[in-house]
Amino acid sequence: MDPHIPSKLPPADIDWASHVTLIGKSNAALARYDGILKGVVNPDILLSPLATREAVLSSRIEGTQASLEEVLEYEADSDKGISSDKEADIQEIINYRHAMRAAVNELKERPIGINMLRNIHRILLTSVRGRNKEPGEIRHIQNWIGPPGTPLEQATFVPPEPSLILDALTDWEYYLHREDRDTLVQLAILKAQFELIHPFRDGNGRIGRMLVPLILYYKKLIGSPVFYISAYFEQNRDVYYDRLESISRDGDWNLWVGFFLQAVIEQAEDNSQKATAILDLYNEMKYRMAEIAHTQYAINVVDTIFSQPVFRAADFPTLSGIPKDSSQRLLRELREADIIRVKVEGSGRRSAVYEFPRLLRISGGV
């Protein structure tokens, strides 16, 4: 199989007329979701479990096996014994979230560009599998995609030769900062082109999926960089890869564009339902805390269990900023009200681990 040669952007053969219906539906669904986001006072806190779930599912497409609850429990209690393979999977997911957060912070200072992509990549591969694959460096070797041990001749995809990468990325960046007839179609093209350029030795798919909320936010289609699309790609993994391959194999961008717009429609609706349910639960918990615990720390408690739905009892004072004696009383009242429950019993010097099950159910513990 010959290496892929990236086309100049934008592609000349987009059949705009065939995508009119999906363009309308996807933009409307995204606008509804953004309207819900505007009602979320602090999405970094309230939607934190959804951000972790996105990291879980995006990483799972690449082969990790850790679940949302396993990641949250590990972060709450990293001393708990788990296998080295599981810990490696979890660390990849944590890195994904760190890389996403770093990109959002960088967007406050400068637009998306090649250097930002390199920074994301460096964080993504820090101290995990792939750390020997030049984190943060544009690849200078030819690689290919296929099952482990597959020779080049049997590869499912051969990315561009290294000599073509910088020119292709420069063209990609130039197109990113232009306007096109529809921003969601432009995003579909940008995401696919990045993965087809395959500029890094590892981690290209995960960065490609991170680019979806980052570009939506950068292009001002959403007010916060919190759009979660990997569930659709993970559920339709074979089609996802086939539609990308149809570009390199047949030069057909339209199959991919249609698939991507449908992903936006379905995930915007799913994100809207989850965000609404979380917001409703948050408001309910504020009232319940006022009823069950007459305390100045009510909002601290609610914000803490939303941002850390799995936590060690010993860490609760630090997480919440509530004095230790008050924290112990509030945790007892939360347990008695069946708001939190014990996930891991305490023993000896080991602190009990608690979870907030209603939030985990909404978030889709997987």
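Values in this text are rule-based calculations from the coordinates and carry no lab data. Fair warning: this is a prediction, and the values are worked out from it, not measured in the lab. In this analysis, Cβ positions are derived from the backbone assuming ideal geometry, glycine residues included, and neighbour counts consider all displayed protein chains.
Report the net charge of residues surrounding Trp16, where surrounding means a beta-carbon distance below 13 angstrom and charges are Lys +1, Arg +1, Asp -1, Glu -1.
Its environment carries a net charge of -3.
Of Leu360, Leu281, Ile215, whose Cα points farthest to the positive end of the dipole of the chain (charges on the beta-carbon: +1 Lys, Arg; -1 Asp, Glu; origin at the Cα centre)?
Farthest towards the positive pole: Leu281.
If you take the C-alpha gyration tensor of region 134-190, multiply each eigenvalue by 5 and take the square root, what semi-axes do you get, largest first, in whole Å? Mind dumping the intermediate values first?
On the way: eigenvalues 158, 48, 18 Å².
Equivalent-ellipsoid dimensions as semi-axes: 28, 15, 9 Å.
From the residues Ala263, Leu319, Pro151, which one has its Cα farthest along the dipole of the chain in the positive direction, the dipole being from +1 and -1 charges on Cβ of Lys/Arg and Asp/Glu about the Cα centre?
So the residue furthest toward the plus end is Leu319.
Using the Karplus curve 6.51 cos²θ - 1.76 cosθ + 1.60 with θ = phi - 60°, work out ³J(HN,Hα) for each residue of region 247-264 in order, rounded to whole Hz, and write x for Gly and Pro.
Each residue's phi maps through the Karplus curve to give 6, 6, 7, 10, x, 9, 7, 5, 4, 5, 4, x, 4, 5, 4, 5, 4, 4 Hz.
When only Cα pairs under 8 Å and 6 or more residues apart are kept, what is the percent relative contact order across the chain? Spell out each step's value before the answer.
Values: 459 pairs, mean separation 91.4, N = 366.
For the chain, the relative contact order is 25 percent.
Report ³J(HN,Hα) in whole Hz for each residue of region 222-236, in order, from the Karplus equation J = 6.51 cos²θ - 1.76 cosθ + 1.60 where θ = phi - 60°; Gly and Pro get x.
For region 222-236, the Karplus-derived couplings read 9, x, 9, x, 10, 10, 10, 10, 5, 4, 5, 5, 5, 6, 10 Hz, x marking Gly and Pro.
Looking at region 279-363 from every direction and averaging, what is the projected area of its Cα convex hull in nm²? Present the calculation step by step, with values, prior to reporting the outcome.
Numbers: hull surface 20.9 nm².
Mean shadow area of the hull around the Cα atoms is 5.2 nm².
Please list the non-local residues whose amide H lies under 5 Å from the amide H of Phe200, H modeled 1.01 Å from N, same-chain partners needing a gap of 5 or more.
Excluding prolines and chain starts, which carry no amide H, the hits are Arg139.
As I understand it, the value is the acute angle between the Cα axis of helix 162-176 and the longest principal axis of the Cα atoms of the chain; what does it come to in degrees, rounded to 10?
70
If you fit an axis through the alpha-carbon atoms of helix 48-61 and take the longest principal axis of the Cα set of the chain, what angle between them do you get, 0 to 90°, nearest 10?
40
Using the Cα centre as the reference, give the magnitude of the dipole from point charges on the C-beta atoms of the chain (Lys, Arg: +1; Asp, Glu: -1; all else neutral), rounded to the nearest 20 debye.
Working: 43 positive and 51 negative charges, 206 e Å.
The dipole magnitude comes to about 1000 debye.
Hey, what number do you get for the chain at 222 nm if only DSSP H runs of n ≥ 4 count, each worth -39500 (n - 2.57), divided across all residues, to the nearest 500?
For the chain, the value works out to -19000 deg cm²/dmol.
Between the alpha-carbon centers of region 9-77 and region 109-147, tell me the distance in whole angstrom.
Measuring centre to centre over Cα atoms gives 21 Å.
What FRET efficiency, computed as 1/(1 + (r/R0)^6) with R0 = 45 Å and r the Cβ-Cβ distance, is obtained for Ser78 and Ala17, rounded to the nearest 0.05?
So the FRET efficiency works out to roughly 0.25.
How much length is gained on full extension from Ile145 to Gln235, taking 0.36 nm per residue of separation minus their Cα-Cα distance? Display every interim value, and only then the final one.
Numbers: separation 90, 0.36 × 90 = 32.40 nm, distance 2.06 nm.
Answer, rounded to one decimal: 30.3 nm.
Starting from the Cα coordinates of the chain, work out the convex hull volume and express it per residue in Å³.
Details: hull volume 49.4 nm³, N = 366.
It is 135 Å³ per residue.
Lys343's amide H: which non-local residues (gap 5+, or another chain) put their own amide H closer than 5 Å, with H modeled 1.01 Å from N in plane and none for Pro or chain starts?
Under 5 Å from the amide H of Lys343: Val353, Tyr354, Glu355.
For helix 204-218, report the angle its Cα long axis makes with the longest principal axis of the Cα atoms of the chain; keep it between 0 and 90° and round to the nearest 10°.
Computed tilt is about 80 degrees.
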